[in-house]
1. Sort through F65, F93 and tell me the only one that's touching a residue at least 12 places away in the same chain (Cβ under 8 Å), of a type outside the set (G, A, S) and at positive phi.
2. Filter the stretch 33-56 down to residues that are among the aliphatic types (A, V, I, L, M) and surrounded by 12 or more Cβ atoms within 10 Å (Cβ to Cβ) and give me whichever is farthest from F113 (Cα to Cα).
3. So, of the residues in the stretch 1-32 that are over 14 Å from L133 (Cβ atoms) and among the polar types (S, T, N, Q), which turns out to be surrounded by the most Cβ atoms within 10 Å (Cβ to Cβ)?
4. For the stretch 65-77, does any single residue satisfy the condition of being of a type in the set (K, R) and modelled with pLDDT of 95 or more?
5. Please verify whether the stretch 131-146 includes one or more residues that are touching a residue at least 24 places away in the same chain (Cβ under 8 Å) and either in contact with a Leu (Cβ under 6 Å, 6 or more places away or on another chain) or acidic (D, E) (or both).
6. Given V49, V32, which one is of a type in the set (V, I, T) and touching a residue at least 40 places away in the same chain (Cβ under 8 Å)?
7. May I ask you to verify whether W103 is under 23 Å from M200 (Cβ atoms) and without any contact (Cβ under 8 Å) to a residue 40 or more places away in the chain?
8. Would you tally the residues in the stretch 88-135 being in a helix (DSSP H, G or I), touching a Gly at 6+ places or on another chain (Cβ under 7 Å) and crowded, with 17+ Cβ neighbours inside 10 Å?
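The values are calculated or read from the model by the stated rules, or taken from the named source; none is laboratory data. Worth saying up front: this structure is predicted, and the values here are computed from it rather than measured. All Cβ positions, even for glycine, are placed from backbone atoms using ideal geometry, and neighbour counts span all protein chains on display.
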Amino acid sequence: MESVTYKSAELFLIFILAPISFVLNFSIWVKVSLGLFGFLYVIFVLLRVEKKAFKIASNLNWKRFWIQTFYKLVVVVIVTSLYMWVVDKAHMFEVLRNKPLLWLGILFVYSLFSVYPQELIYRTFFFKRYENLFKSEYILIFVNAIVFSLAHLFFYKSLVLILTFLGGILFAWTYKKTSSTLLVSIEHAIYGCWLFTVGMGNMLGFPS
């Protein structure tokens, strides 16, 4: 399981073939089963093969993280707000205005049950397993963003692929610099919750 050949095949199956196959029209229960099996495999490899310990590091630079995340969030807020104002003004802040309890519930469920598993797979597992397959950290980050975008193919929307690619760049960079699943999950949750809040949730699978 540690050879370059095995890891390369593993990367292809989990991060390329599986997401592409989910676009095909077959049973949702088969897709769910494959996804669950894949997630359990990732956890097994992290714990038993890579000997990854799930704990919060004590040397995290929280101040620097919050400052950098704030500046990036300002850019995200400005760009997405302008987009909604121009393209879909009628649905801007729709859920927040009309269904505040649903809004709060989605923020909680999304952050805990969607964001964290995604970051375990696409940052913690990906970097731990495949970092040594790439000679350049920039190529590593680029490939990580590509496969993160591929994971959203089933939405059938080019804008979603663009957003998730850009998000993948940001999240991969954060993880590369901090090696913290917690920090990158917080950053991911903040941006994702904002997209839902501003009114872009429908295209990302959020209920409205």
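1. F93
2. Of all residues in the stretch 33-56, those among the aliphatic types (A, V, I, L, M) come to 34, 36, 40, 42-43, 45-47, 49, 53, 56.
Then drop every residue that is not surrounded by 12 or more Cβ atoms within 10 Å (Cβ to Cβ), which leaves 34, 42-43, 45-47, 49.
Details: L34: 18, V42: 16, I43: 15, V45: 20, L46: 19, L47: 20, V49: 24 Å.
For the stretch 33-56, the residue satisfying everything is V49.
3. Once the filter is applied, the top-ranked residue is S21.
4. Pass one, the stretch 65-77, residues of a type in the set (K, R): 72.
Checking which are modelled with pLDDT of 95 or more leaves us with 72.
Yes, the stretch 65-77 contains a residue that is of a type in the set (K, R) and modelled with pLDDT of 95 or more.
5. Filtering the stretch 131-146 for residues touching a residue at least 24 places away in the same chain (Cβ under 8 Å) gives 133, 137, 140-142, 144-145.
Now narrow it down to the ones that are either in contact with a Leu (Cβ under 6 Å, 6 or more places away or on another chain) or acidic (D, E) (or both): 137.
Yes, the conditions are met somewhere in the stretch 131-146.
6. None of the others qualify; the one that does is V49.
7. No; evaluated as a whole, the condition is false for this residue.
8. 4
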